[in-house]
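Here the structure comes first, spelled out in structure tokens, and everything after it is commentary.
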Amino acid sequence: MFKKLSLILFLLSTFTLAGQENTSDSLQHYLILQSKGNHTYSVVFRENKKMEVSVKNGDYFKGRLFILNDSTIEIVNFHSSEVDTISISDISKIRYVGLANKIIAYPSLLVASGFLFGGLVVLSAAGKNDPIGSAVGTAFMILSTPFIALSTILFNGKYYKLSKHDIMVYHTKIKKLKRKQSTHFYPNT
């Protein structure tokens, strides 16, 4: 009897809580970059994204993005517990490493290390009098070079210079604003 009653109470409370609306302010804040060139495109950054922001005096700040208002952002570095407040007009460039970059870069780095390690093993096992083993080991080490370069480029991320982009802060109730949805904010696109 007790098990049935507790199951009924559990289901009733679950359905009651699921039916309640969230009455808190659920505005989402986005930083939108719009290119100034002939090929117009938008880049959308949500709050709490990891990025590196460089300002005009040469300083750079690395951490998570938080938008305070339409003219000021905060970069919070959780490792050093620093909070840096930056005016949007002082930003010179933004560097962002996306998830797709990381998904491609980690396997590329593993392949590169495999070729490099395999080449070293073959070279050390080949000895001085084995030209074929030396050639194979050297070829493996040379094959690791493009994978190392690719993973380095992908881990570095993409720089967005604000001399080539317009910047804007946008507040909406849309949970995930996409690039296609942000193009109508700018009249020239």
Checklist outcome for this item: Scanning the range 67-81 for residues that are in contact (Cβ under 8 Å) with a residue 24 or more places away in the chain and within 20 Å of the chain's Cα centre (by Cα), the one surrounded by the most Cβ atoms within 10 Å (Cβ to Cβ) turns out to be Ile73
Checklist entry - Listed residues Ile86, Ile73, Ile94, Ile67; which is on the phi < 0 side of the Ramachandran plot, in contact with a helix residue (DSSP H, G or I) (Cβ under 7 Å, 6 or more places away or on another chain) and modelled with pLDDT of 85 or more? => result Ile73
Next on the checklist: Looking for something within 24 Å of Ser54 (Cβ to Cβ), part of a loop (DSSP other than H, G, I, E, B) and open to solvent by less than 70 Å² (accessible area, probe 1.4 Å) - is there at least one such residue anywhere in the range 110-130?
Outcome noted: no
Item to check | Residues satisfying the stated conditions in the range 157-180, i.e. in contact (Cβ under 8 Å) with a residue 60 or more places away in the chain and in a helix (DSSP H, G or I) | outcome: Arg179
Checklist entry - How many residues, within the range 67-93, are of a type in the set (A, V, I, L, M, F, W, C) and within 15 Å of Glu52 (Cβ to Cβ)? => result 6
Next on the checklist: As an exercise: evaluate Leu143 against (1) among the aliphatic types (A, V, I, L, M); (2) under 33 Å from the mean Cα position of the chain (by Cα); (3) open to solvent by less than 70 Å² (accessible area, probe 1.4 Å) and give the number of the one condition it does not meet.
Outcome noted: (3)
Checklist outcome for this item: Within the range 82-101, residues being in a helix (DSSP H, G or I) and open to solvent by less than 50 Å² (accessible area, probe 1.4 Å) number 2
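The values are calculated or read from the model by the stated rules, or taken from the named source; none is laboratory data. Just so it is clear, the model here is predicted, and its values are computed rather than measured. Every residue, glycine among them, receives a Cβ derived from its backbone with ideal geometry; neighbour counts consider all protein chains shown. Only protein heavy atoms, including side chains, enter the accessible area calculation; ligands, DNA and RNA are left aside. Shrake-Rupley method; radii C 1.70, N 1.55, O 1.52, S 1.80 Å.
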